[in-house]
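Chemist: One structure, pasted below without further comment.
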Amino acid sequence: MMIHIKMIGNYRDHLPPASKNGMIEIEVPDGTTVHDAISRFGIPLDDSSVIVLNGLTVDMNTPLQEGDVVTAFSAIAGG
């Protein structure tokens, strides 16, 4: 199934060069979880990252469905 991975801010550096606007589409097998999909990109998987599924905070063990968008960005913001 095809899903989208979106990286915001400095996390864009973790995407392959062919990504467009901080987003790529990847194929994953049925049963893939949010954790499975995002862990391959080498971003921190701790409190320093915010990872959402279709704009909502979910458990990292949530299984993905066709067309889902997993978004990741740094939890640290300046202002």
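Chemist: With the requirement that a residue be of a type in the set (Asp, Glu) and at pLDDT below 95, what does segment 1-51 give you?
Modeler: The answer is ASP13, ASP46, ASP47.
Chemist: Quick one: which residue in ARG40, ARG12 is over 9 Å from the mean Cα position of the chain (by Cα), within 13 Å of PHE73 (Cβ to Cβ) and basic (Lys, Arg)? Walk me through how you get there before you give the answer.
Modeler: Working: ARG40 fails: within 13 Å of PHE73 (Cβ to Cβ).
Of ARG40, ARG12, the one residue that is over 9 Å from the mean Cα position of the chain (by Cα), within 13 Å of PHE73 (Cβ to Cβ) and basic (Lys, Arg) is ARG12.
Chemist: Related question: For VAL70, state whether it is in contact with a helix residue (DSSP H, G or I) (Cβ under 8 Å, 6 or more places away or on another chain) and at pLDDT 95 or above.
Modeler: Values: in contact with a helix residue (DSSP H, G or I) (Cβ under 8 Å, 6 or more places away or on another chain): yes; at pLDDT 95 or above: yes.
Spelling it out, VAL70 is indeed in contact with a helix residue (DSSP H, G or I) (Cβ under 8 Å, 6 or more places away or on another chain) and at pLDDT 95 or above.
Chemist: Any residue at all in segment 45-54 that's of a type outside the set (Asp, Glu), in contact with a His (Cβ under 7 Å, 6 or more places away or on another chain) and touching a residue at least 24 places away in the same chain (Cβ under 8 Å)?
Modeler: Among the residues of segment 45-54, not one is of a type outside the set (Asp, Glu), in contact with a His (Cβ under 7 Å, 6 or more places away or on another chain) and touching a residue at least 24 places away in the same chain (Cβ under 8 Å), which makes the answer no.
The values are calculated or read from the model by the stated rules, or taken from the named source; none is laboratory data. What you are looking at is a predicted structure, and each value in this text was computed from that prediction instead of being measured. Ideal geometry is used to build each Cβ from the backbone, glycine not excepted, and the neighbour counts take in all protein chains shown.
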